[in-house]
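The values are calculated or read from the model by the stated rules, or taken from the named source; none is laboratory data. Just so you know, these numbers come straight off a predicted model, no measurement behind them. Please note: Cβ atoms are built from the backbone with ideal geometry, for glycine as well, and neighbour counts cover all protein chains shown.
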Amino acid sequence: MASAIARWEKFRFNPPPSRQQLEAVAKVVGVDANRLEQMLPPAGVGMNLEPIRLCAGCYVESPCHRIEWQFKVTQGCQHHHLSLLSECPNCGARFKVPALWVDGWCHRCFLPFGEMVQHQKKI
Ligand SMILES: [Zn+2]
Ligand SMILES: [Zn+2]
C-alpha cells in the first residue's frame with residue numbers, strides 16, 4: 001500500500017489518467033471509477049493523494065471523503081470556509097486512505113472525525 005501511495009503522490013492528471021490508473025485511485029478513495037472520472041479536476045490540475053485531507057464539517061453532513069480535498073488547488077472547504085485537516089488534531093496521526101474510513105474516527109486516538117471541526121481554522 002505504501003508504495004502505491006508514493007506513486008500516487010506523483011500522480012498528475014495531465015495527461016488524463018488511463019482507465020487502469022483511474023481504477024487504482026478509485027480503490028484508494030473508495031469511489032467508483034466512473035464517478036471519479038466525473039469528479040476529476042480540470043485538465044492540468046494536479047492531485048495529491050497524500051496527505052489525505054478532511055473537512056470535518058462536510059464529514060458530519062455526509063460521512064465520506066470528497067475527492068476535491070485532494071486537488072492541489074484546493075486551499076480549504078468552499079462550503080464551510082474552513083481549512084482542511086491533513087492529520088488528526090488530537091494525536092497527529094495521518095488519516096488513513098478514505099477507503100478505510102469505516103469507523104469515522106482517528107484510527108489511533110478514536111477522536112470522531114466530526115469533532116475535529118473545532119480544530120479547523122476559518123479561511
Ligand atoms: Zn466542509
Ligand atoms: Zn488521533
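If you go through the stretch 93-107 and keep only what is surrounded by 15 or more Cβ atoms within 10 Å (Cβ to Cβ) and among the β-branched types (Val, Ile, Thr), you end up with just VAL97.
Output yes when any residue across the stretch 53-65 is within 13 Å of ligand 2 (Cβ to nearest atom), hydrophobic (A, V, I, L, M, F, W, C) and assigned to a helix (DSSP H, G or I), and no when none is. Before you say what the answer is, go through the steps one by one.
So in the stretch 53-65, the residues within 13 Å of ligand 2 (Cβ to nearest atom) come out as 54, 56.
Going one step further and asking which of them are hydrophobic (A, V, I, L, M, F, W, C), we end up with 54, 56.
Going one step further and asking which of them are assigned to a helix (DSSP H, G or I), we end up with 56.
Yes, the stretch 53-65 contains at least one residue that is within 13 Å of ligand 2 (Cβ to nearest atom), hydrophobic (A, V, I, L, M, F, W, C) and assigned to a helix (DSSP H, G or I).
The lone criterion from (1) more than 16 Å from PRO51 (Cα to Cα); (2) over 14 Å from the mean Cα position of the chain (by Cα); (3) of a type outside the set (Phe, Trp, Tyr) left unmet by CYS91 is number (1).
Within the stretch 60-76, being surrounded by 21 or more Cβ atoms within 10 Å (Cβ to Cβ) and touching a residue at least 40 places away in the same chain (Cβ under 8 Å) holds for one residue alone: GLN70. Tell me whether the stretch 30-39 contains one or more residues that are assigned to a helix (DSSP H, G or I), closer than 23 Å to ALA93 by Cβ and away from ligand 2 (no atom under 16 Å from the Cβ). Within the stretch 30-39, not a single residue is assigned to a helix (DSSP H, G or I), closer than 23 Å to ALA93 by Cβ and away from ligand 2 (no atom under 16 Å from the Cβ). How many residues does the stretch 97-118 contain that are away from ligand 1 (no atom under 16 Å from the Cβ) and modelled with pLDDT of 95 or more? Count: 7.
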